[in-house]
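No lab work stands behind these numbers, since they all come straight from the coordinates. Note that the coordinates shown come from a computational prediction; the quantities given were computed from them, not determined experimentally. As a convention, Cβ positions derive from the backbone with ideal geometry for all residues, glycine included, and neighbour counts pool all protein chains shown.
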Amino acid sequence: MKVVETIADLRTARSELKGQVGVVPTMGYLHAGHMSLVAAAREANDSVVATIFVNPTQFGEGEDLASYPRDVPRDLNMLREAGVDLVFVPSPGLMYPPGYQTYVSVEQVTRRLEGAHRPGHFRGVTTVVAKLFNVTLPDRAYFGQKDAQQVVVIKRMVRDLNFPLTVIVCPIVREPDGLALSSRNVYLSDEEREAATALSRAWRAAGEAYESGERDPDVLRQTAHNMLTQEVLVDVDYVSLADVESLEEVHHPVENPVLLSMTARVGKPRLLDNCLLPLSLNNRADLTQILGG
Ligand code: AMP
């Protein structure tokens, strides 16, 4: 496995890779969720590139950029064991040198949900992902359903800017008690860790209501919301039931596949979780076609 830190080294190493290339962009501090993307990339491509970069432009003021957990040596061991061919670990100064002033901005779909709560977040995400695509030149790029809006935004960018690659969406990897794996889970105290299961309980409750025939979007949102507010340590930001492509809130009886997503602060971290309705759409091989259209 080659590890490179400059654009020149990356371009050279990339040109030596054989066949179809899959890329897995990450912010490091890897867990089984990241590794599931690597495994999917390994299976479908001749070569796999991973990137590790805690991207400063996607963090807002007062967010956890400085304290975001990092352990690159451990990450590299995990990637080596998973059979990754090339890892790009750039510095912030390499990605955003003095005088840097070019950004990629996706419009409507970034204004809702996380975009409404984290101004500028997706502008940072799309900018860095566009840069990573331009240097790693992948045939396929792997993203997790965990960050569902990110998938929708990146798919939009790939279509709108004609990136010659396919975005592949991978299912959410969870702890046995349902908590979605996240690098930020390390911030949770024991008590908060327990309370954090409310997020998966919330979408499950709404999902079960849906499976029993409930189609009123307000009732479905409220079902999830009630589950979250039962936990005093959980501070809800939003619960959304939205179209899987436009991310517009659904205000009529649910007919098509929809995305039920929520964000809540539990102690220090903001945690995200989501599911597609009907529940049978989650964990399916054609997830890629559903989320983001
Ligand atoms: P991050 O390092 O948090 O930027 O995540 C890198 C990629 O891993 C993103 O595409 C995430 O959606 C994905 N990811 C993070 N957590 C999970 C998880 N629990 N299951 C599946 N994918 C995940």
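At 0.36 nm per residue, and after removing the present C-alpha to C-alpha distance, how many nm does the segment from ARG215 to ARG111 gain when stretched out fully? Kindly include the intermediate steps, with their values, before the conclusion.
On the way: separation 104, 0.36 × 104 = 37.44 nm, distance 2.56 nm.
Computed gain between ARG215 and ARG111 is 34.9 nm.
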In degrees rounded to 10, the 0-90 angle between helix 7-16 Cα long axis and the longest Cα principal axis of the chain is 90 degrees
The stretch 238-263 versus the stretch 56-91: alpha-carbon centroid distance in Å: 31 Å
Per-peptide average of other Cβ atoms within 10 Å, ordering 81-93, 25-37, 276-288 highest first: 25-37, 81-93, 276-288
Would you mind getting the Kirkwood hydrodynamic radius of the stretch 103-221 from its Cα pairs, rounded to one decimal in Å? 16.6 Å
Overall dimensions of the stretch 84-170 by Cα: Rg and Dmax, Å: 13.3, 37
Fraction of alpha-carbon pairs in the stretch 31-91 farther than 13 Å apart, rounded to whole percent, equals 65 percent
If I stretch the segment between HIS252 and GLU16 completely, what's the gain in nm (0.36 nm per residue apart, minus their alpha carbon distance), one decimal? 79.7 nm
Does anything in the stretch 161-179 have its amide N under 17 Å from the 7 Å Cα→Cβ label point of ALA285, and if so which residues? 168-171
Given H placed 1.01 Å from N in the peptide plane, which residues other than close sequence neighbours of ASP273 have an amide H under 5 Å from its amide H? MET262
Fraction of alpha-carbon pairs in the stretch 208-293 farther than 18 Å apart, rounded to whole percent, equals 44 percent
Report the residue, chosen from VAL49, VAL258, VAL106, that carries the largest GNM mean-square fluctuation when the chain is represented by alpha-carbon nodes joined by springs under 10 Å. VAL106
Residues with amide H under 5 Å from that of ASN283, placed H, sequence gap 5 or more: ILE172
How about LYS131: which lysines have a C-alpha closer than 23 Å to its C-alpha, ignoring those fewer than 8 places off in the same chain? LYS2, LYS18, LYS146, LYS155
Acute angle (nearest 10 degrees) that the helix 217-229 long axis makes with the longest principal axis of the chain, alpha-carbon atoms: 80 degrees
For all pairs of alpha-carbon atoms in the stretch 14-172, what percent lies in each bin of width 10 Å, listed from the first bin to the last filled one? 10, 40, 39, 10, 0
Cα centroid of the stretch 1-33 to Cα centroid of the stretch 131-195, whole Å: 17 Å
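Based only on Cα atoms, what Rg/Rh ratio does the chain have, Rh being taken as Kirkwood's radius? Can you show the working numbers first?
Details: Rg = 18.8 Å, Rh = 19.6 Å.
Dividing the radius of gyration by the Kirkwood radius yields 0.96.
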